[in-house]
Amino acid sequence: MTEAEEPITLLLNRMCAGDPGAESDLATAVHEALRDIARRHMDRERADHTLQPSALVSEFYLRLRAMKTYGFENRRQFYSLVAGVMRRILVDYARRRSSEKRGGALQRVAFDALDDPEAKNVSPDAVSLYGALDELRSLDSIKADVFEMSFVSGLSNAEIAEVLEIGTRDAERARTLARAWMGERLRA
């Protein structure tokens, strides 16, 4: 366990044990990482999105507080929760916007455009994307985690391998397979 991991894991353990100050200490320790994850989420959204990364982080904290119990064993589970909750916030936001506009201005794009850093103004249909991710998770949770960590959180294969405690080549292979599966699913 690296020095950066140890405090987070210890804070998660304190929080799960009911330590009242642990939530605040955890928020301080991971705030910048959460803002980076939120920024990556928002980079994939439409250009005129009204939700800001800081608001996404705040909404995550509100939902974390609303949880009655925590079951984190390590930082992997925590960051998986972060990505999943932020994803659900954006899906809820997209659904609300779509229902308000009876279809809204959602735009379908080729899956390859999602990896293009120049395509930040392109907005995939978040509901379809995350629905496909949920379907992949029901089939293979590791591939879904790898896809989510690479696409949504922007982690490298080496970082994913470290978080998931798998080999870098395994992470690379899972990423390739997950990307291919998601591409097929979204084209269907």
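Couple of notes before you dig in:
- Output for the stretch 30-59, where each listed residue is surrounded by fewer than 16 Cβ atoms within 10 Å (Cβ to Cβ), in a helix (DSSP H, G or I), more than 13 Å from the chain's Cα centre (by Cα) and in contact (Cβ under 8 Å) with a residue 12 or more places away in the chain: His31, Ser54
- Looking across the stretch 140-155 at every residue that is closer than 18 Å to Ala33 by Cα and of a type in the set (Gly, Ala, Ser), the one that is modelled with the lowest pLDDT is identified as Ser153.
The values are calculated or read from the model by the stated rules, or taken from the named source; none is laboratory data. Nothing here was measured: the structure is a model prediction, and the numbers come from that model. Because the Cβ atoms are built from the backbone with ideal geometry, glycine has one as well, and the counts that use them run over all protein chains shown.
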